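Colleague: Below you will find the structure I want to go over with you.
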Amino acid sequence: MRILSLVILALTLMTRPILAQDISNYTLENGLEVLVIEDHRAPVVVQMVWYRAGAADEARGVSGVAHFLEHLLFKATDDLESGEFSDTVAANGGSDNAFTSKDYTGYYQRIAADRLELVMTMEADRMRDLRLSVDDIATERDVILEERNMRTENDPSALFSEQRNAAQYMNHPYGIPIIGWKHEMEKLSLEDALAFYRRYYAPNNAILVVAGDVLPADVLALAKKHYGPLAPTVDLPKRSRTLEPPHLAERRLAYADPRVSQPYVIRTYLAPERNSGAQKQAAVLTMLSELLGGNGQTSVLGRKLQFEQQKAIYTSAFYSGMSLDQTTFGLVMVPSEGVDLAEGEALLDTAVAEFIEEGVDAEQFARIKMQLRASLIYERDDVQALANMYGAALTSGLTVKDVQDWPEILKDVTADEVIEAAAMLLDKKQAVTGWLTKPDAVAEVSQ
């Protein structure tokens, strides 16, 4: 009976449309976009403000300033003392935080629904009325430098990732780390932070997402009251980045570090991102990544290299199309003991080539489609995950309709489309191949 129930559930997930949430969308006169996602199951609300400005929008020479400013936004404003924002949220039983990406910066609070106006008042205050001092700059600059030391300088895998990423993007700012290059972070100034703030932190460059136990009319009224009076940036520049030139040669690198405990090989390819009204390529690549390496026990790479040949202890394929500009598709192989990186890379290449030659296993393809569809349904059961999904999409050039169309686009991907897309993995001119290893295990990386 249990097996029958699972089969019925799988068939239901495959055939039933994923219903759209109760979503309302507005734009205030000053340009602020407002998105309201209703969920009345619990008296809780999440407020998020997303700015269309991330690390890839920084000027040359001030890498890390977007993330630096994220820290500084918890300092004083016209109406709040430094640190008062988070203290007030906590005192009212809520939580708050912020994050910086390549394409956006976001701030959020999760709190009881009847406290929405409180957090909206404070969030609107720091959108335009931040008050920074030279002391704030010195203190918080030390904080982000220590963060870099802990997360990057002390982690050989993170240092390796930075070097690979810089090789992947020869001209586009995606090749610059979000946290910044250390030598540029050390020089970030009050003027640098204020220039980024004044340029990008404005209602006409922001999206307000409110999700939870709210009514759209009430949220709109509060947004007009607190965000509506804020002046837009009149000369807000159109988002425009330097373009990546054609890649004509494969790039390879080896990073050796005595702290490495587990060597591995990784290859990343330039790949198209999800684009508004044209998400099919991204959907195909999403399916390809799941087939090749989404699950170690059932994926193509996992079955061949980890279980049949027992030449790897871990394999993976990854792709995220949520990106304003060209993204990457990646393959990872961690060799078993006694298998060096050269052999591991060769085995990885062979497994991919065999997959393209043999085609997609129909049963596995159907199972992955069902699993992806189920994950999208479960994601809609978390109000904060929903707010995140829509905020990230809208700041990455997508629309509400694109997000709602995505499950059906994934469902319609065919096996032939997946194999056709997989051919890109044979073109190493678009790829960066990297080896992470110990100093005494470095071999000739050019082949």
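Colleague: Over all directions, the average projected area of the alpha-carbon convex hull for the chain comes to how many nm²?
Modeller: Across all orientations, the chain yields a mean hull projection of 23.4 nm².
Colleague: To the nearest Å, what is the center-to-center distance of the range 111-163 and the range 182-223, using C-alpha atoms only?
Modeller: Each part's Cα centre sits 12 Å from the other's.
Colleague: What share of the DSSP beta bridges in the chain is antiparallel, in percent to the nearest 5?
Modeller: 80 percent
Colleague: Going through the cross-link list 280/429; 304/401; 280/311; 75/187; 304/429, which pairs have a Cα-Cα distance over 29 Å in this structure?
Modeller: Over 29 Å Cα-Cα: 304/401; 280/311.
Colleague: Using a Cα-Cα cut-off of under 19 Å, which lysines could be cross-linked to residue 182, ignoring same-chain neighbours fewer than 8 residues away?
Modeller: Reachable lysines: 102.
Colleague: Return the tail of the calculated pair distribution for the range 223-348, meaning the percent of Cα-Cα pairs more than 19 Å apart.
Modeller: The share of Cα pairs beyond 19 Å in the range 223-348 comes to 63 percent.
Colleague: Protein chains only, probe 1.4 Å: how do 50, 406, 181 rank by accessible area, largest first?
Modeller: These residues rank, largest area first, as 181, 406, 50.
Colleague: Here's another thing I want to ask about it. Percent of accessible area on the range 191-267 owned by carbon and sulfur, 1.4 Å probe?
Modeller: 60 percent
Colleague: Over the heavy atoms of residue 28, what accessible area does a 1.4 Å probe trace out, to the nearest 10 Å²?
Modeller: Spelled out: residue 28, probe radius 1.4 Å, area about 20 Å².
Colleague: Please report, for the Cα atoms of the range 301-447, the Rg to one decimal and the Dmax as a whole number; what are they, in angstrom?
Modeller: 18.3, 53
Colleague: Report in % the part of the accessible area of the range 288-367 that belongs to carbon and sulfur, leaving out ligands and nucleic acids; probe 1.4 Å.
Modeller: Roughly 46 percent of what the probe reaches on the range 288-367 is carbon or sulfur.
Colleague: Let me ask you something else. For the chain, what does the accessible surface come to per residue with a 1.4 Å probe? Please give it in Å².
Modeller: 45 Å²
Colleague: Also: Normalised by the residues of the range 20-111, what does the relative contact order come to in percent, with Cα pairs under 8 Å and at least six apart?
Modeller: With pairs under 8 Å counted, the relative contact order is 31 percent.
Colleague: Could you work out how far the C-alpha centroid of the range 364-381 sits from that of the range 239-271, in angstrom?
Modeller: The distance from the Cα centre of the range 364-381 to that of the range 239-271 comes to 30 Å.
The values are calculated or read from the model by the stated rules, or taken from the named source; none is laboratory data. This one's a predicted model, so the numbers in the text were calculated from it and none came from an experiment. Just the protein is used for accessible areas: all its heavy atoms, side chains included, with ligands, DNA and RNA removed. Shrake-Rupley method; radii C 1.70, N 1.55, O 1.52, S 1.80 Å.
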